[in-house]
1. Identify, among 816, 668, 611, the residue whose Cα sits farthest towards the positive end of the charge dipole of the chain, taking +1 on the Cβ of Lys and Arg and -1 on the Cβ of Asp and Glu, with the dipole about the Cα centre.
2. Kindly express, to the nearest 10 degrees and within the range 0 to 90, the angle between helix 901-918's C-alpha long axis and the longest C-alpha principal axis of the chain.
3. Can you tell me which of 203-209, 41-47 comes out highest on packing, and rank the rest after it, using the mean Cβ neighbours within 10 Å?
4. Which ordering of 880, 251, 342 is given by a fewest-first count of other beta-carbon atoms within 10 Å?
5. Considering Cα pairs under 8 angstrom that are at least six residues apart, work out the relative contact order of segment 1-56 and quote it in whole percent.
6. Just to compare against my own numbers: the Cα pair-distance distribution for segment 62-246, 10 Å bins, whole % per bin, please.
7. Classify segment 695-754: rounded, prolate or oblate, from the alpha-carbon gyration tensor (a ≥ b ≥ c, eigenvalue square roots; a/c under 1.5 rounded; otherwise prolate if a/b is larger than b/c)?
8. Would you order 622, 633 from fewest to most other beta-carbon atoms within 10 Å of each residue's own beta-carbon?
Amino acid sequence: MSQTTLLEEVVQWSKDTCRLEVKSVLPKLISMHYKTESWEEHIHVLKIITDMFLPHLSLSELEDECFSKVLPKVGKMFNTLMEEITNQVGGLSIQNTEIHSFLRNILQVMVQVLEVLSGCVRHVCSFEEAPALDSIRSLPSCILKVLRNTFQHCKESGEVYCGRLSLVGDLLQGLFKEAYSLQKGLMGLMDRISLENTASEDDVSDIITVIHSLLDICSVISNLDIALHANTWKFIIKQCVKYGSLVEERLRHGDITSCLCDDLLASFHSCLELAEQISQAGPQQVAHSPEYKLFQKTTKMCRFFANTLVHYIKEFKAFLSKSCRRFHQLYLQIVSKFPPSLCSTVLPSPLSDELNGAVLVPMDALLSQLLPLRPFAESVLNPSQHLSPETELPHCLLLVSVMGQFPSHPEEALQLWCDGSHFPEDTPRLPLFRALFQSFRRCCTERRVPVLLPGVMLKGQAQGNVTLHHHVCVMLCARVASLPPEHFPLLERSLLEAVLQPDTQTALLATDVWCFIARYGTAELCLHHGLLTAQLVKSCGGESYQLSHLSLLLRRMVFLMTPEHQMELVERFPPSQDDNLPVWCHILLRALSHDARQRVEADIITLTNTTVTNWQKAGCKLGQLDKVNIALLSLLMVVRGVSPEAECESSALTIISQLWVAMCPSQVQIHPSIQCTLKLLLSMSAILVKSFDPQVICQALVCVGAMVSEKCPDDLLLAALDFLASLGKVFIPHDSQSQVLPRLSDLFGALLAERSWLINQHALEAFAHFAEVTNHEEVISQSLSSEDTKNKVVNFLSKTINAQETVETRLERLRLETPVLERHNSILETNEETAAEVSVASTGDDQSTTDREPCPKRARQETSVEEEYSRYLQTAESALRALQTLVEGRATDTPVPPPHWVTSRLQELQTLITHISTANPPNR
């Protein structure tokens, strides 16, 4: 019987005939199936096999009698059909009816192939008993290959058919629909299969293949159909968990988690885009927006992917060490898109709440699962990681969240995060507290904006929004309160390191936490830390940011000591000794108990008086002035907290008055040590000004005038402004007004005209304070000599703002300033001498870093010829005056004759000066 005759006869058979002839006819049909080259005939034979004879095979016969022999050819034929489309699609057009018909026939055959495979799946599922995997082994592998090719073709159809999609669109839609149904049926079939722990290697391999094949399909269908995508992932995770112990060592865990992360991010970004589109319609139109339903669906997908990822990590965390860095980046990427991140978008409340619940809440659960994993801790605490500016704040908040989750985890997790790495062979890992301080320091822009976070609950009420500093400080203190004692050495080391670095706000955060420890701990612990800090302050040489930060810590620590311990501090660092004055010049005396305060005030007054007297007896030599300045700095702390006792105030007043008389205005500009003395005298005089003799005030104004007429340091001008403002409280006698008031007017006029925005702002404040309380109103009018100065004062008093930055402009400026500040801090940290040189060079080029309002980038300032002459002559004059002081022996205790070559060099300079004086400028 020929093939054609056989096929014609078979199609006429009844079910009973097919059942009786299945053993004899099925092998012949399978042979015909293999030999045929025509896909129309091929699909015809395939349908006869599956529709008429497959139902008469038992479950145990399906694989050996049919699937293993038929399905491999089905897969090859399907690939051939795909290749034919690729080869012929270039000629597709409405005019080319032959190619049009040819391609449509191919797509119809592909649909029929999928229908045949679906029929096979339905038949297997029709058995009451669950099939064994080896009885259908060829079916899943064939279906999965066909499905992947089908979905890939549908996904790329826009590119494949190049604008001619409408010619075959109906068939592609049918193809996708049939593939959707086939995959759904296959997953239902696989759900019915169960493997025992004693399953064969082939069965386990088949399950692994199914899981990984569907994983590959997931990457294809992610943009095709939301429901199919979600159901596929549900099946994958369900199978992984179902056969956990059998497959866990062979699963591609990295690929699975990476795909989940990618799908979560893709859905999340889609949500953000939709939310921005919806928010443009206004908050009142959110629920009525046409995109809102799509937003809700996409949000559900976000929640699904996030929860699925958490579930998978929970089940297979032992196999995910290589994925921990990816999880870390995922957390940062998601949190960076939510407030208070500066790159987040402000969304209407309904949209924001939905996104928070769908993504941020699962992120906390994700962190809880990852926290015990060493590789995750190593990724987060990596000392050499480089984060983008957008992820610096999320990283800081991640570290804070880690601290918040410690109570729900065992002690091992606390050790993992808090102890850092100990051995060279360990992956480098910072201690958590140190990492948090470093991360907080890098959030420079966020601190300056400032960003705001929700406050913690207090007495059942949620606090308002708080700054990042407040948020981190509260969480740190809460964690310190429950920290086991063995972790305190590392905590103290991290606190000290944070205090000794150049960023002031980070040092302030560490100081806040340190003071909490002092208050929360025992009085003895507070004393111990106070004595340690005092010793560190004493050992700091000269002015530095370390001294500034340590002195702040010491100042606050003294407030927390008991009266007995304060007295012990006085005994350990007696203020009657010169070498202890660097400690007491930074302590507020009002923090001390009555007895301790009286002791310190008396000792400092006595020592200062002795130091000043000895200096005057020695001829007021510059070499001893630094010692006087240290004593005066301590005296300033006494004056600031002066006791009601008249004797203390009187003694300080006597010392200050003596020094004012000794001040030489001509030397102030030349010697930095005299400038320091002048600054201290001005600060103390501003406090005690009511008790001064008018002649002393006049002498002070003469010295200030000499400084203002030249270029002097900003800190000295600020002290001068405080002094000038305090003069508003003083009535100058009539016989002294002619000496004092004109100088006062001239000084205010000069300082109000300063180009430096810093000095100008403080000058306005000082003048306003003076004008508010003074009886000498003529000074006010005489100070406002120019119209420009008068306008600035009027605008200041009326709080008129000339120009205001937009939020976007200010944020951009802060971002541009941040790297400048970081470079400055880095220079301070690595080489303070280099920082000083850079500062001097910058001052030399730009005259002053405060010449104008700060801005991200400023144009180079042109210097006039007159300014250049003045600057060079001033430099030469200052150098010659310093040389004169050295030659006369006033800079040292004992005069030393100058070297022999000094005379010849001076003669050369004289010749040069004569040549400059007689030279004629060139004609222009």
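1. Positive-most Cα among the choices belongs to 816.
2. That helix lies at roughly 80 degrees to the long axis.
3. Per-residue Cβ counts within 10 Å, averaged per peptide and sorted highest first, yield 41-47, 203-209.
4. Fewest-to-most Cβ neighbours within 10 Å comes out as 880, 342, 251.
5. 46 percent
6. Cα pair-distance distribution for segment 62-246, in percent: 9, 35, 33, 16, 6, 1, 0.
7. Here segment 695-754 falls in the prolate category.
8. Ranking 622, 633 by Cβ neighbours within 10 Å, fewest first, gives 622, 633.
No lab work stands behind these numbers, since they all come straight from the coordinates. Bear in mind the structure is a predicted one, so any value in this text is a computation, not a measurement. Ideal geometry is used to build each Cβ from the backbone, glycine not excepted, and the neighbour counts take in all protein chains shown.
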